[in-house]
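The values are calculated or read from the model by the stated rules, or taken from the named source; none is laboratory data. The model shown is predicted, which means the values in this text are computed figures rather than measured ones. Heads up, the Cβs are rebuilt from the backbone with ideal geometry, glycines too, and the neighbour counts pull from every protein chain shown. In case anyone asks, the SASA skips ligands and DNA or RNA and just uses the protein heavy atoms, side chains included. Shrake-Rupley method; radii C 1.70, N 1.55, O 1.52, S 1.80 Å.
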Amino acid sequence: MRRRRAAVAAGFCASFLLGSVLNVLFAPGSEPPRPGQSPEPSPAPGPSRRGGRGELARQIRARYEEVQRYSRGGPGPGAGRPERRRLMDLAPGGPGLQRPRPPWARPLPDGAPGWPPAPGPGSPGPGPRLGCAALRNVSGAQYVGSGYTKAVYRVRLPGGAVVALKAVDFSGHDLGSCVREFGVRRGCYRLAAHKLLKEMVLLERLRHPNVLQLYGYCYQDSEDIPDTLTTITELGAPVEMIQLLQTSWEDRFRICLSLGRLLHHLAHSPLGSVTLLDFRPRQFVLVDGELKVTDLDDARVEETPCAGSADCILEFPARNFTLPCSAHGWCEGMNEKRNLYNAYRFFFTYLLPHSAPPSLRPLLDSIVNATGELTWGVDETLAQLEKVLHLYRSGQYLQNSTASSSTEYQRIPDSTIPQEDYRCWPSYHHGSCLLSVFNLAEAVDVCESHAQCRAFVVTNQTTWTGRQLVFFKTGWSQVVPDPNKTTYVKASG
């Protein structure tokens with residue numbers, strides 16, 4: 001399997017260098033097309049498939065119209081048609097305003113529309129800047145993963161930046177099942193690629209610190225299909241829940257706070273209330289400790305229409321909720337509540353309460369219980385998460401919880417203890433006890449609470465909340481100079 005993945009990566013790089021196939025879309029374990037070898041031909045449409053062509057065109061048009069809705073209207077970024085092999089690095093007022101009709105905008109057979117407009121220049125904030133030219137000399141291509149429709153690769157750009165490339169997986173389930181049903185490879189690619197295009201538009205219009213950043217995109221011929229789409233995005237690390245459970249509470253709280261801020265943004269986005277129909281940890285990534293949503297092709301903006309509350313049942317595996325039907329014929333807050341309950345069952349219930357500071361646990365339990373019962377909306381949930389952050393960052397959570405110690409500690413400046421470590425949980429370092437503290441009094445309190453602690457070393461490193469990192473030690477038999485650390489040892493006697 002490793003050799004096959006290596007072959008995929010090598011073929012991927014070669015296609016960039018040759019300037020032909022930018023988005024290598026075969027799945028790991030499959031062989032890339034040999035030079036000069038034509039891809040397998042699409043099955044010839046039989047009598048039973050001719051009627052299906054119209055159905056395929058109908059599905060493409062439905063996705064086309066959906067992307068059109070997200071591309072226009074609202075106070076979000078504007079939309080425009082990017083010229084083929086040119087991207088959004090054209091400044092407003094420049095030649096990019098004089099755009100000819102791109103060749104990829106031609107209609108499909110059987111009445112299916114061509115590509116809808118992608119995000120254009122002139123939108124607020126820093127827009128995508130990368131295009132096909134940036135991908136001609138990439139290096140270190142690695143397969144990251146694939147899902148129902150898309151495959152993701154990690155590449156290094158000529159300038160050294162590492163980005164993610166996402167494209168329709170030619171060996172994926174979505175394209176394969178469509179080809180088996182309709183026998184039209186190019187049309188099926190268009191159908192699948194509209195999900196990628198929808199995601200690209202939403203990444204642009206829903207810009208937020210907890211939404212993956214879109215850097216650009218490229219249209220280029222690939223295999224037997226012209227104008228295939230590759231998006232260029234920020235690269236993140238997969239969310240591995242087992243690993244997260246072993247991290248510090250502070251880092252786990254950061255993820256929950258990131259999620260709360262994201263859900264608040266989605267509930268009040270320029271497009272309206274956005275719900276994530278496929279809400280699982282694998283739809284998110286971590287970028288420098290922040291949680292970001294990366295998979296938006298299954299997002300939905302429209303609220304659910306209803307004639308009564310019986311039409312507003314929010315169903316989950318463990319329980320259901322009945323929401324009110326508004327006078328306007330829409331289920332009130334269904335998009336928001338779906339996101340919130342999924343946040344509870346996939347993230348909050350596992351990451352928030354465990355190993356939290358004791359004085360914060362009642363508030364954290366309230367957040368978990370309220371989101372699990374949907375008694376709060378996203379506004380109140382975020383307000384309470386921000387309150388936890390304030391109490392933790394300011395040190396107010398320590399009031400009446402840190403008793404003054406009768407043990408005296410000797411301060412040894414510009415020094416450290418290189419060994420004599422012990423393990424504690426949760427720790428920032430698996431081989432030692434490395435924790436964050438608000439001040440020296442909390443460090444003393446932690447040392448007093450650990451039976452094996454006889455000393456601690458205060459570093460000059462801080463966490464995302466500004467708290468100092470401290471190593472706790474079993475002794476101080478060897479103290480060595482270190483200008484960036486200060487050692488505290490229990491006074492003898």
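Residue-level check: of (1) touching a strand residue (DSSP E or B) at 6+ places or on another chain (Cβ under 7 Å); (2) part of a helix (DSSP H, G or I); (3) aliphatic (A, V, I, L, M), L257 misses just (1).
Looking at the structure I just gave you, is R205 outside the structural domain of W425 (by the TED database) and surrounded by 22 or more Cβ atoms within 10 Å (Cβ to Cβ)? Against the criterion (outside the structural domain of W425 (by the TED database) and surrounded by 22 or more Cβ atoms within 10 Å (Cβ to Cβ)), R205 qualifies. If you check V368, V457, V388 for being within 30 Å of L323 (Cβ to Cβ) and touching a residue at least 40 places away in the same chain (Cβ under 8 Å), only one passes: V388. Exactly one residue out of I225, I242 is modelled with pLDDT under 95, open to solvent by 30 Å² or more (accessible area, probe 1.4 Å) and among the β-branched types (V, I, T): that is I242. Is there a residue being in contact with a His (Cβ under 6 Å, 6 or more places away or on another chain) and within 28 Å of R393 (Cβ to Cβ) anywhere in the range 263-271? Yes, the conditions are met somewhere in the range 263-271.
Condition first: open to solvent by 40 Å² or more (accessible area, probe 1.4 Å) and hydrophobic (A, V, I, L, M, F, W, C). Now tell me which residues in the range 326-361 satisfy that. If the condition is that a residue be open to solvent by 40 Å² or more (accessible area, probe 1.4 Å) and hydrophobic (A, V, I, L, M, F, W, C), then A327, W330, F346 are the ones that fit. Residues of the range 170-187 that are open to solvent by 40 Å² or more (accessible area, probe 1.4 Å) and among the acidic types (D, E): E181 alone.
When each of A167, A237, A192 is tested for being within 30 Å of K337 (Cα to Cα), of a type in the set (G, A, S), open to solvent by less than 10 Å² (accessible area, probe 1.4 Å) and touching a strand residue (DSSP E or B) at 6+ places or on another chain (Cβ under 9 Å), the lone residue that passes is A192. With respect to (1) touching a residue at least 12 places away in the same chain (Cβ under 8 Å); (2) open to solvent by 30 Å² or more (accessible area, probe 1.4 Å); (3) of a type outside the set (A, V, I, L, M), the lone exception for G377 is condition (2).
If you check L262 against the conditions, is it in a loop (DSSP other than H, G, I, E, B), assigned by the TED database to the domain that holds L385, open to solvent by less than 20 Å² (accessible area, probe 1.4 Å) and not β-branched (V, I, T)? When the stated conditions are applied, L262 does not pass them. For the range 286-303, check the following and say yes or no: at least one residue is without any contact (Cβ under 8 Å) to a residue 60 or more places away in the chain, farther than 25 Å from G236 by Cβ and open to solvent by 30 Å² or more (accessible area, probe 1.4 Å). Taking every residue of the range 286-303 in turn, at least one turns out to be without any contact (Cβ under 8 Å) to a residue 60 or more places away in the chain, farther than 25 Å from G236 by Cβ and open to solvent by 30 Å² or more (accessible area, probe 1.4 Å).
Would you mind stating whether A383 is farther than 25 Å from V293 by Cα and either in contact with a His (Cβ under 9 Å, 6 or more places away or on another chain) or open to solvent by 40 Å² or more (accessible area, probe 1.4 Å) (or both)? For A383, the condition - farther than 25 Å from V293 by Cα and either in contact with a His (Cβ under 9 Å, 6 or more places away or on another chain) or open to solvent by 40 Å² or more (accessible area, probe 1.4 Å) (or both) - is not met.
Scanning the range 432-463 for residues that are within 36 Å of the chain's Cα centre (by Cα) and either loosely packed, with under 15 Cβ neighbours inside 10 Å or of a type in the set (D, E, K, R) (or both) returns N439, E442, N460, Q461, T462. Scanning the range 363-371 turns up no residue that is touching a Pro at 6+ places or on another chain (Cβ under 8 Å), surrounded by fewer than 18 Cβ atoms within 10 Å (Cβ to Cβ) and modelled with pLDDT under 95. Answer yes or no as to whether V162 is in contact with a Cys (Cβ under 7 Å, 6 or more places away or on another chain) and surrounded by fewer than 21 Cβ atoms within 10 Å (Cβ to Cβ). Spelling it out, it is not the case that V162 is in contact with a Cys (Cβ under 7 Å, 6 or more places away or on another chain) and surrounded by fewer than 21 Cβ atoms within 10 Å (Cβ to Cβ). When the residues of the range 400-431 are filtered to those that are of a type in the set (A, V, I, L, M, F, W, C) and surrounded by fewer than 15 Cβ atoms within 10 Å (Cβ to Cβ), the one that is modelled with the highest pLDDT is W425.
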